[in-house]
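For reference, the structure is listed below as structure tokens.
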Amino acid sequence: MAATTLLEKAFDVLTAVRDAASLKFLAAIGDPVGLIESTAHTSDAGAVHDRIRRLGPLTRSRTGMYVASSHELCQQILRDPRVGVRHSDGRESLPDESRYDADNLLLDSFLSLDDPDHARLRRLAAPGFRPAVIRTYAARIEAVANRLLDRVEDAGHFDLIGDFAGPLPIEVISDLFGIPDVNRTRFAEIGNVVAQSLDGVTSYRQARELAEAHRELIGLFDVLSAERRVRPGDDVISMLVGATDAGDMTADDLHATCALLLIAGFETTVNLIGNAVSAMLAAREPWEQLVADSALADNAVEESLRLEPPVQLTSRVTHEPITLCGSLIPTDSTIVVDLAAANRDPAVFDDPSAFRVSRANAADHLAFSSGVHYCLGAGLARLEGSIALRTLSQRLPRLRTVDGGRRRHGVTLRGFASLPVSSS
Ligand code: HEM
């Protein structure tokens with residue numbers, strides 16, 4: 001092994017030990033940021049988020065960050081025009097969690113920009129997500145869901161993530177982008193590498209893989225854009241290329257927007273399907289209710305988003321001093337908005353830790369955030385989730401988990417790496 005690689009490894013190990021020790025200490029003394037970090041390795045993250053909310057609607061961490069956790073306060077912050085996603089010096093809202101320059105494409109996307117740039121770029125991508133456009137995807141999603149189940153039905157055992165929840169959204173995004181079949185597997189692999197970096201890049205190897213994935217992704221977007229310029233279609237890339245040629249967005253904006261749509265729409269939807277099936281099979285009654293009445297699928301998706309949100313938290317920065325819960329929060333303060341805690345707030349949801357398929361206000365969750373950054377793909381995610389649950393429950397009513405599955409270790413994105421199930 002080369003000397004530099006050995007040194008890199010030693011540095012990784014030492015820094016990981018130091019970071020883990022300081023976060024463990026923070027969690028042990030009940031610091032809200034320490035507690036949030038501890039959810040990466042726990043199967044019951046909900047209990048930790050409940051504990052954070054019980055500390056009070058707004059708490060200050062020893063790290064200097066604030067944590068908002070009641071439903072009312074989280075919603076208020078997300079809708080407050082005095083609060084944004086960038087510091088006054090241009091940094092993004094969270095202090096850089098990674099020790100490596102991750103060259104993060106998402107930091108340049110409109111998810112990470114404040115108005116007016118955010119509004120300008122979001123407006124250009126929005127036509128591709130109008131309800132009338134999303135509805136046209138239903139038949140195609142259903143066909144993909146059925147084709148994936150055809151492959152596993154006879155086997156009896158399969159991996160819900162690898163065989164179903166994973167491939168479904170990647171097929172849908174590939175359609176949205178007009179990606180040819182030959183590139184789809186590699187496209188999915190790149191999407192995985194980039195999505196895994198959302199919780200911070202923690203090793204040189206990951207940093208290298210990420211840089212490589214970015215290069216490849218940009219290359220792929222360039223090839224697709226060149227093709228669409230010659231032969232425009234009704235896909236999102238054609239629409240964005242048109243906006244670039246009209247001078248409404250730069251080539252960098254185009255790359256960042258494509259990367260955002262890929263990453264925001266891929267891993268999150270995989271986790272929605274995986275988390276929903278896992279939670280419903282664990283409680284069993286919700287699953288039996290869905291099997292008996294597939295019209296419950298839409299609300300089952302909302303209840304799952306509430307109880308097991310694929311995106312557990314986001315963050316914001318104060319652009320001026322504001323008073324929250326009686327405390328004056330200075331300009332440029334980072335506020336972690338604990339969406340998972342808000343979704344389990346007993347002030348809004350009765351018996352919040354129970355999965356109730358018919359919960360009347362399940363859709364009041366904040367899993368898609370709120371305010372100007374409200375998820376642009378929410379309609380598409382809801383449609384994919386609902387078709388996935390309906391198809392699964394109709395075709396495999398006796399579905400059950402074989403074991404607890406293997407979770408991904410993330411703080412922001414929560415879901416399974418694999419979930420073995422049996423259909424007989
Ligand atoms: C269950 C699946 C999904 C969940 C839980 C989810 C969640 C979220 C959340 C929480 C945000 C806002 C973050 C913040 O306020 O800081 C967001 C933004 C966004 N999402 Fe989703 N998302 C999902 C699926 C999708 C899909 C399928 C797409 C598109 C293909 C998509 C595209 C976007 C975009 C473009 C934004 C940025 C909006 C903006 O900044 O104005 N999402 N999503």
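The values are calculated or read from the model by the stated rules, or taken from the named source; none is laboratory data. Predicted model, so just to flag it, every value in this text is computed and none were measured. Note that we place each Cβ from the backbone using ideal geometry, even for glycine, and neighbour counts take in every protein chain shown.
Could you look through region 280-306, keep only residues that are within 24 Å of residue 37 (Cα to Cα) and touching a helix residue (DSSP H, G or I) at 6+ places or on another chain (Cβ under 6 Å), and pick out the one that is surrounded by the fewest Cβ atoms within 10 Å (Cβ to Cβ)?
Among those residues, the one meeting the criterion is 306.
Quick check on my filter: what residues within region 392-415 are surrounded by fewer than 15 Cβ atoms within 10 Å (Cβ to Cβ), at pLDDT below 95 and outside any loop (DSSP other than H, G, I, E, B)?
Answer for region 392-415, where residues must be surrounded by fewer than 15 Cβ atoms within 10 Å (Cβ to Cβ), at pLDDT below 95 and outside any loop (DSSP other than H, G, I, E, B): just 406.
Kindly indicate the residue of region 310-325 that is β-branched (Val, Ile, Thr) and touching a residue at least 40 places away in the same chain (Cβ under 8 Å) and also farthest from the ligand (Cβ to nearest atom) among those meeting that condition.
322
Say whether the condition of being assigned to a loop (DSSP other than H, G, I, E, B), closer than 25 Å to residue 275 by Cα, of a type in the set (S, T, N, Q) and modelled with pLDDT of 95 or more is met by at least one residue in region 55-72.
So far as region 55-72 goes, yes, one or more of its residues are assigned to a loop (DSSP other than H, G, I, E, B), closer than 25 Å to residue 275 by Cα, of a type in the set (S, T, N, Q) and modelled with pLDDT of 95 or more.
Within the bounds of region 63-81, is there any residue that is within 20 Å of residue 23 (Cβ to Cβ) and either of a type in the set (Asp, Glu) or surrounded by fewer than 19 Cβ atoms within 10 Å (Cβ to Cβ) (or both)?
The answer is yes; a qualifying residue exists.
Could you tell me whether residue 347 is in a loop (DSSP other than H, G, I, E, B) and free of Cβ contacts under 8 Å to residues at least 40 places away in the same chain?
Spelling it out, it is not the case that residue 347 is in a loop (DSSP other than H, G, I, E, B) and free of Cβ contacts under 8 Å to residues at least 40 places away in the same chain.
Considering (1) at positive phi; (2) within 16 Å of the ligand (Cβ to nearest atom), say which one residue 351 fails and leave the rest.
(2)
Any residue at all in region 290-309 that is in a helix (DSSP H, G or I), in contact with a Pro (Cβ under 8 Å, 6 or more places away or on another chain) and more than 14 Å from the ligand (Cβ to nearest atom)?
yes
Hey, among the residues in region 113-123 that are surrounded by fewer than 21 Cβ atoms within 10 Å (Cβ to Cβ) and more than 8 Å from the ligand (Cβ to nearest atom), which one's farthest from residue 84 (Cα to Cα)?
Among those residues, the one meeting the criterion is 123.
If the requirement is being modelled with pLDDT of 85 or more, assigned to a loop (DSSP other than H, G, I, E, B) and more than 16 Å from the ligand (Cβ to nearest atom), which of these qualifies: 139, 143, 155? Talk me through it step by step, then tell me what you get.
On the way: 139 fails: assigned to a loop (DSSP other than H, G, I, E, B); 143 fails: assigned to a loop (DSSP other than H, G, I, E, B).
Checking each option against the conditions leaves just 155.
Which is of a type outside the set (D, E, K, R), part of a loop (DSSP other than H, G, I, E, B) and within 16 Å of the ligand (Cβ to nearest atom), of 366, 380, 389?
Of the residues listed, the single one that is of a type outside the set (D, E, K, R), part of a loop (DSSP other than H, G, I, E, B) and within 16 Å of the ligand (Cβ to nearest atom) is 366.
Within region 73-93, which residues are modelled with pLDDT under 90 and within 10 Å of the ligand (Cβ to nearest atom)?
93
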